[in-house]
Amino acid sequence: MNLGLILVISQLMFTAVAIIYFMSGIKSHRSGVKTIRLGSEKERQKLAALRKISLTEPLSEKARPKRIDEIVGQEQGIEALRAALIGENPQHVLIYGPPGVGKTAASRLILEEAKHSAGTPFRFDAPFIELDSSVLQFDERSIADPLMGSVHDPIYQGAGAYGQAGVPKPKPGAVTKAHGGVLFLDEIGELHPYQLNRLLKVLEDRKVFLSSSYYSESDSNIPPYIHDVFQNGLPADFRLIGATTKMPSEIPEALRSRCREVFFKPLTAEQVKSIAVKSCDKAGYDFEKEVPEVVSGYCENGRKTVSIIQTAASVAKLDGRKTIKTDDIKKVADFSHFLPIYRSRLTSGRAGCVNGLAVTGGGSGCVLPVEAVVRPGSGRLNITGVVDREEINTGSGKMIRNGTAYVSAQNAVTVLESIFGINTEEYDFHINFPGGVPVDGPSAGAAIFCAMYSAITGKPLREKTVMTGELGIKGDVLPVGGIEEKLTAGSVAGAMTGIIPKGSFEEKYKTIVPELFAVETIEEVVNIVFNENVKGKIA
């Protein structure tokens, strides 16, 4: 057999093997496609079956506000939020307020309103992207970052076909998904400092840049759009709404300076009752007359109110009733371990007792009882229920100072001596702030003075009077903040008279309590609350 014949036979054999391999591949591919189609059809049927299954709509869904006027007790906050978002130049916003008072619902509804306003940059399809900052997980290598976006590098799971080709694949995060709309970050005060710094940069640039050690500008295998992403960034032009239950002082100044600050108030007992009534109606249940009152004794926000009504409705249903009873509410509160809410009450009729006013950590006002007892002694000053020492972060370090409530008491002693001529060296003073919550802040100065003066003279204060104001050592009553919240708390507690610094007065405060006095000096306060005509001994 000659060499040529051998070559021909070999070539035919190789050709036959190639044909067999090719046909086998086609058959395998067709079989694989058939298997995928069969599997896909089965999964589609499973998905369709799942979608046919649904439980009843939770009461929390039914009771969620569908219109702005359904949000209870936040008229002022909603007006401020409207001003920030509706118009030609919407702003970034920080919303302060306790949980369950409508911060998220109001933000959603006002974005919808803004979309239809004249001159707005929001389009009709502007997205509302919501994330909870307290549970955001990220990786500093940018493998996973739901907020900023990440890169599926070739060696990591999720890179897919790009990974096989050695191409890093960008994955947009919430800042890009919110492009043209609103990014709502709940509990923004819990955001990791690393994430916050990156977010602030995005707010400035209105785009987000991703990086990868696998990216090279000169790599021709990388698709042009990926080159565009790495070189020019992903668009992230949105308006930020950050919601928090923290106080403004606990939020970084770098974030606050970029945002319009809006405050949502805690709900009053009457507003909780209103939500309870609406929740019963939406649940389709009647209720005993006392039910809203009982609910308001356990709930301070809408979310908790809806929850207790929903569970009470289930209790009634198990008993074969369509009426929610007060016993149902108490039973739910008992097995859910709901604690009764302490609501401010006025103290009156006793010497040494004063109703001060304060703002709590949640931004709501409260009545702040002040008690004073004096005994013959040598001028000792004992104060309980206050912050003794306060640590202050100055930016360059930390400093420790006496609590300002303690300083206010020292100022009161000076005023008793220098203006009212009382020899405080003859007395030992014990001043107490009952309630179990450490008190701090200079706004209790006037109340502390009146408690001490009342204890010394044995004269009780004017009935149902509340007061706030810092006391200077010259007897001036100095301006303080939170007047509206404080007076509102006093009014809810039954106050008939309010005393505030003249420097803090606004005309709108007149409508909160029946009789309001704006004062400049402690002598004016004494004349009002003790019905005296005192004139100071020094100017």
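Below is a table of values for the structure above.
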| quantity | calculated |
| --- | --- |
| Residue order, fewest to most beta carbons within 10 Å, for S314, S364 | S314, S364 |
| Potential extension, E57-E288 segment - 0.36 nm per residue separation minus Cα distance | 80.7 nm |
| Calculated FRET efficiency for the pair N527/F263, C-beta based, R₀ 25 Å, to 0.05 | 0.15 |
| Simple label model, 7 Å out from Cα along Cβ direction - E515 to T347, nm | 2.3 |
| Amide N of the range 62-103 lying under 17 Å from the label point, which is placed 7 angstrom from the Cα of E190 along Cα→Cβ | 95-103 |
| In degrees, nearest ten, helix 103-115 long axis to first principal axis of the chain (Cα) | 60 |
| Estimated 222 nm signal from helices in the chain, with DSSP H stretches of n ≥ 4 weighted -39500 (n - 2.57), rounded to 500 | -12000 deg cm²/dmol |
| 10 Å Cβ shell holding at most 10 others, DSSP loop, GluC sites (Glu not before Pro): longest site-free stretch of the chain | 218-505 |
| 10 Å-binned pair-distance histogram of the chain (Cα, whole percent) | 3, 13, 17, 19, 17, 12, 7, 4, 3, 2, 1, 1, 0, 0 |
| Rg in Å to one decimal, and Dmax rounded to a whole Å, for the range 165-231 via C-alpha atoms | 14.5, 44 |
| Acute angle (nearest 10 degrees) that the helix 326-335 long axis makes with the longest principal axis of the chain, alpha-carbon atoms | 70 |
| Span from the the range 227-264 Cα centroid across to the the range 45-70 one, whole angstrom | 31 |
| Length-normalised contact order of the chain in % [C-alpha pairs under 8 Å, at least 6 apart] | 11 |
| Protection-proxy order for peptides 354-360, 197-203, each taking the mean of Cβ atoms within 10 Å per residue, highest first | 354-360, 197-203 |
| Helix axis angle, 445-457 relative to the chain longest principal axis, alpha carbon, degrees | 30 |
| Full-stretch length increase - K317, E506 - with 0.36 nm per residue and alpha-carbon distance subtracted | 62.9 nm |
| R0 of 56 Å, Cβ-Cβ distance E112-S418: FRET efficiency to nearest 0.05 | 0.40 |
| Positive-end residue of V202, G189, L267, charge dipole of the range 168-285 with Cβ unit charges | L267 |
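Here, each number is a calculation from the coordinates, and none is a lab measurement. Predicted model only: the values in this text are computed from it and were never measured. As a convention, Cβ positions derive from the backbone with ideal geometry for all residues, glycine included, and neighbour counts pool all protein chains shown.
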